[in-house]
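Heads up, the thing below is written out as structure tokens.
The values are calculated or read from the model by the stated rules, or taken from the named source; none is laboratory data. Just so it is clear, the structure is predicted and the values come from calculations on it, not from any experiment. When we count neighbours, we look across all protein chains shown, and the Cβ atoms used for this are built from the backbone with ideal geometry, even at glycine.
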Ligand SMILES: Cc1cc2nc3c(=O)[nH]c(=O)nc-3n(C[C@H](O)[C@H](O)[C@H](O)COP(=O)(O)OP(=O)(O)OC[C@H]3O[C@@H](n4cnc5c(N)ncnc54)[C@H](O)[C@@H]3O)c2cc1C
Ligand code: FES
Ligand code: FES
């Protein structure tokens, strides 16, 4: 086994010193060492989006990111996401956009980055922007509505 | 209904904040002190005798604490209908990937590394991969001891036939004689993977007395308890089953997956063991939707009146029976559809093959048969020159009609469902739909019905000292929202605010029995138990209040906010707090309302129908639905896009409208995958696409944003507030409606799923419908 | 279990190449979107990794002296998708970038990673061939340039030598014309069943010049200069398109996989070529 090496990760505005093997993914380290289990492992392959976190404000696959390559990055997980994410939470709640919730962390983070870049995103932009986050429960309609509601708030 | 009624509103999920802040805990998120991690070794062969194991290297590997093979397990078998399955392969393997050895080690990586060191010697046996081959004379037998297995019903089985079922009404020969037109075709559906976003997993811990606590991703803590105990030979009282949040279940988490193995590992290692499947393992070793071959023959009169129907199903059951006999029987019960067809016979054969077991999946066989029956209706309509909606309306079951088999319908909103779908989709103006250049476009229509019900259920409502309430049902909320709905029912029945009721997490030690979150049943069955248990609490409250207020119980009423008072006398009232305190400390004892019941209306009326090998004597009440889709086909590639959809369901009464819509929309999306892209492909004995890279499910791009759901309410006399189930109905006819639209747009009648660009394009080229 | 022992963060392409020369088990890592997925599945097990994340030179898109564009190997799909200078015939690359995977993966994956990996189902190779791009490679020996049309040699095989990295992609100066990328996939974010990359330049001298290639399902981008000439001479007529489509379908030798059968690909290629050519012709007309 490759030895563990010390690594300082800045997660949710707090610096954490962790010991991680070089091949450990960011997902493994967040979950197993920092007990930030909001990012989920749905495929470990980059497809489902359940592991999404923000690295320097952009959504990435934590399952495809080696933790040690994040040494100079600012990482935001669902546990620490604020601002637009809070507005999205409110909208997801109102729209009934959550069923089992396994996709929800990734959805909220991906949507928050989308709205940060395009505050008044259209339905089509939202559908495209969320297409890398699978949801097997909702049929997406209510999720898109929730994100669109926040976007409309920004239009006003 | 007062203004404050909690029924019918789109209240947010009671657990929503937890899920939106990342704090909801699913099985993978649980960690116990001293916990080990499990890994599995899967069989490389589809069918083989296990000759010997060599686990020495694995035992000696770093971090390994325990290695178990089939020899460490007793000869106990589990199964919902036919007890044919060991906890881990024993003596024989029957599909590629079947767990043969289980390992527990200090870390997941160590456990997985050790798994690679295990050597198992096999003696290969001929593999049976197609259902037709299973039936061939001289075929290798997959379960030699089938005859001796315990069966919970009178199974008609033998050889590789796991179960065969027949259900018939009327006189088929007469039916054909009376028909002016007879249409017959064969339809094929593909194996579909559940792909709940959360893979299956379990965590077991043994206490000092040897009693086991098991957390797992499941749809029923009670089925888990029964299956684990059956397959390990444990008394049920030695196992406590709990559930964390569940990352959805669509039938895949109803029966056991790896729970028995994880319990055995924990018992053997003497430490907690967690095992969460990788996505690949989840595809390869849990279960999936059966591929069906369905022959449908329908006879009709010139005016479109349905006269006769003959259906024959051949279902691939895979290596173990699991829920398959139920799925087969249910599919046959659904094969007449929500129509009057006086002469109907439906027969089916379920066979064992050397593939992953197939089992319960939302729709439970209904989507498979409906693909055949609902597309055939369109074919008939076209041949007779009748509008597809008109022919359905003409033959639709009315409120006084009975379901196939003879069960009386307590409620039936089918006519209204058809009307809503027709109106909202502007069906009558469909000729005016414009297709984009290079595209064909048309609407497609289909109708359906589904049951909700089945088996035992209970509820306990406890009034706490302060007048707040804890509700305990044992029903697992798998994401569909039952915690919220049951809380709404309880709070509404007691006229208290939602936040005064907490719902307990399912626990086989403390919860009343609940068969499971399946068969679209929780709202209907558990909701009813909750309502009755709340009524019992109300009765006890009134007994106390009558004594305290010196009046008759009949003169009392519950008032909003947790107050009981004398009707018509505003000031004369008592808060629940006062009543509960009295009950706890002075008189009567704590107030606990309980209810339990089992669905007991017979499915088959022997005076009307003949049934052989049907595994469920009582099934449930019927919900109805209609669906219209607006489909566009790319002439260049044959790719189908669903632009809009109108999905309508008669749910009796929507307890939570948002949740009902959520079920209809989610079911539609899953049906869309079944219709267009999803197919587990076996390359010889091996699954060729067990990853999300290769097995695709619809994304936010494929599911139409214009996915409109409509609720029809034809109250069921026995349902809580009239409610019936809605969990499955929305998936049943998505494929059929799309196929009907494709036929309308291109003239191509597809009889095989999924409707890939390839199948569509070939059809169009053959029909000369595309240049 | 992973053999990984070291992770390097070189600052220049040459330093990266030098580190790669330390052995066969040394690999570079760009976005990691493919490499880490392969590591998770135990398909690759590098002993050392050379991260290109801090090599400043590999980042960004800049104009070249000849009026073309230089795209650093570490440029993300997201950046290319939004790059306004990828216009006219070069739009083929912008469109392709917008159709790679899904938005979060487009935040991770890099053009250098795609080009170096040469996954037969990837989207850039055919677009780069169509646009007549050049791949710039860096090693301890210095830089060299290989036209995209000669770079992709087979399934996961390229002209990249051991201890060499992709440093940039060079594009010719934008000329009037159109570029388009038509991708057929099972669902959004999936790899292509078939993709048609087309890049058409209107030139004063030769009327029009065409570059196009078929991707998805064949080991390398399918391209044939004779077919380009045929389309150009035929001025993108339907007849020329039909001929081109048939020739390409014959040359493609497509694969059978879970996404589609080879037969279907053979069927779809000429049809998609015809559609792409017709679209390009319409756009050229409109731009006139
Ligand atoms: C879910 C998912 C869907 C995808 N869908 C698509 C798709 O539809 N179309 C598509 O085209 N791609 C798709 N991809 C692949 C994606 O584009 C990857 O990002 C890309 O293939 C690799 O880029 P990377 O920067 O992540 O490379 P890495 O994963 O970091 O590296 C890939 C390989 O290239 C080598 N390498 C990387 N950079 C260089 C360099 N500069 N010089 C030499 N060698 C180098 C590495 O050593 C490694 O062997 C998908 C990936 C995922 C995870
Ligand atoms: S777990 Fe990372 S994308 Fe699925
Ligand atoms: S809510 Fe279950 S996967 Fe989205």
*Take the residues in the stretch A:46-65 that are surrounded by 24 or more Cβ atoms within 10 Å (Cβ to Cβ) and more than 10 Å from the chain's Cα centre (by Cα), then tell me which one is nearest to ligand 3 (Cβ to nearest atom).*
A:48
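Within the stretch A:74-87, which residues are closer than 21 Å to residue A:140 by Cβ and more than 8 Å from every other protein chain (Cβ to nearest Cβ)?
A:81, A:84, A:85, A:87
Evaluate the stretch C:92-102: report whether one residue or more is within 16 Å of ligand 3 (Cβ to nearest atom) and buried (at least 24 other Cβ atoms within 10 Å of the Cβ). Quick ask: steps written out before the conclusion?
Within the stretch C:92-102, the subset within 16 Å of ligand 3 (Cβ to nearest atom) is C:102.
Pick out the ones that are also buried (at least 24 other Cβ atoms within 10 Å of the Cβ) and you get C:102.
Within the stretch C:92-102, one or more residues are within 16 Å of ligand 3 (Cβ to nearest atom) and buried (at least 24 other Cβ atoms within 10 Å of the Cβ).
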_So for the stretch A:36-54 (the condition being more than 10 Å from every other protein chain (Cβ to nearest Cβ), in contact (Cβ under 8 Å) with a residue 40 or more places away in the chain and part of a loop (DSSP other than H, G, I, E, B)), does at least one residue qualify?_
no
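Have a look at B:310, B:378 and point out the one that is outside any strand (DSSP E or B) and either more than 16 Å from ligand 3 (Cβ to nearest atom) or surrounded by 24 or more Cβ atoms within 10 Å (Cβ to Cβ) (or both).
Numbers: B:310 fails: outside any strand (DSSP E or B).
The match here is B:378.
For the stretch A:55-73, check the following and say yes or no: at least one residue is assigned to a loop (DSSP other than H, G, I, E, B), in contact (Cβ under 8 Å) with a residue 40 or more places away in the chain and within 11 Å of chain B (Cβ to nearest Cβ).
Filtering the stretch A:55-73 for residues assigned to a loop (DSSP other than H, G, I, E, B) gives A:56-57, A:65, A:71-73.
Those left that are additionally in contact (Cβ under 8 Å) with a residue 40 or more places away in the chain: A:57, A:65, A:71, A:73.
Cutting the leftovers down to within 11 Å of chain B (Cβ to nearest Cβ) gives us none.
Checked the stretch A:55-73: no residue is assigned to a loop (DSSP other than H, G, I, E, B), in contact (Cβ under 8 Å) with a residue 40 or more places away in the chain and within 11 Å of chain B (Cβ to nearest Cβ).
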*In the stretch B:496-530, how many are surrounded by fewer than 22 Cβ atoms within 10 Å (Cβ to Cβ) and assigned to a helix (DSSP H, G or I)?*
3
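Considering only the stretch B:84-177, give the strands (runs of 3 or more DSSP E) lying wholly within it that have at least 2 residues that are over 32 Å from the mean Cα position of the chain (by Cα). Please lay out each step first, then the result.
Working: elements: B:99-105, B:119-124, B:161-169.
Hits in the stretch B:84-177: B:119-124.
Taking the stated definitions as given, is residue A:111 assigned to a loop (DSSP other than H, G, I, E, B) and either crowded, with 23+ Cβ neighbours inside 10 Å or more than 16 Å from ligand 3 (Cβ to nearest atom) (or both)? Working first, answer last.
Numbers: assigned to a loop (DSSP other than H, G, I, E, B): no; either crowded, with 23+ Cβ neighbours inside 10 Å or more than 16 Å from ligand 3 (Cβ to nearest atom) (or both): yes.
Against the criterion (assigned to a loop (DSSP other than H, G, I, E, B) and either crowded, with 23+ Cβ neighbours inside 10 Å or more than 16 Å from ligand 3 (Cβ to nearest atom) (or both)), residue A:111 does not qualify.
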_Just to verify a result, which residue in the stretch A:112-156, among those that are closer than 18 Å to residue A:76 by Cα and either more than 16 Å from ligand 2 (Cβ to nearest atom) or modelled with pLDDT under 95 (or both), is nearest to the other protein chains (Cβ to nearest Cβ)?_
A:114
_For the list (1) assigned to a loop (DSSP other than H, G, I, E, B); (2) under 20 Å from residue B:674 (Cα atoms), I need the number of the one condition that residue B:742 fails._
(1)
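Does residue A:94 count as over 27 Å from residue C:46 (Cβ atoms), more than 10 Å from ligand 2 (Cβ to nearest atom) and surrounded by fewer than 24 Cβ atoms within 10 Å (Cβ to Cβ)? Break it down into steps so the answer makes sense when it comes.
On the way: over 27 Å from residue C:46 (Cβ atoms): yes; more than 10 Å from ligand 2 (Cβ to nearest atom): yes; surrounded by fewer than 24 Cβ atoms within 10 Å (Cβ to Cβ): yes.
Against the criterion (over 27 Å from residue C:46 (Cβ atoms), more than 10 Å from ligand 2 (Cβ to nearest atom) and surrounded by fewer than 24 Cβ atoms within 10 Å (Cβ to Cβ)), residue A:94 qualifies.
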*Of all residues in the stretch C:51-79 being under 16 Å from residue C:172 (Cβ atoms) and touching a residue at least 24 places away in the same chain (Cβ under 8 Å), which is nearest to the chain's Cα centre (by Cα)?*
C:71
*Given the residues C:251, C:244, which is the only one that is surrounded by fewer than 22 Cβ atoms within 10 Å (Cβ to Cβ) and in contact (Cβ under 8 Å) with a residue 12 or more places away in the chain?*
C:251
*Identify all residues within the stretch B:466-495 that are away from ligand 3 (no atom under 16 Å from the Cβ), surrounded by 24 or more Cβ atoms within 10 Å (Cβ to Cβ) and part of a loop (DSSP other than H, G, I, E, B); write none if there are none.*
B:473, B:474, B:475
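Quick one: in the stretch C:160-174, which of the residues that are outside any strand (DSSP E or B) and crowded, with 16+ Cβ neighbours inside 10 Å is farthest from ligand 1 (Cβ to nearest atom)?
In the first step, residues of the stretch C:160-174 are kept if they are outside any strand (DSSP E or B); the result is C:160-164, C:172-174.
Pick out the ones that are also crowded, with 16+ Cβ neighbours inside 10 Å and you get C:160, C:163-164, C:172, C:174.
Details: C:160: 6, C:163: 10, C:164: 7, C:172: 21, C:174: 23 Å.
In this case the residue turns out to be C:174.
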*Restricting attention to the stretch A:89-104, does a residue exist that is touching a residue at least 12 places away in the same chain (Cβ under 8 Å) and touching a strand residue (DSSP E or B) at 6+ places or on another chain (Cβ under 6 Å)?*
no
*Restricting the search to the stretch A:18-32, which residues are more than 15 Å from residue A:54 (Cα to Cα) and outside any helix (DSSP H, G or I)?*
A:18, A:19, A:20, A:21, A:22, A:23, A:24
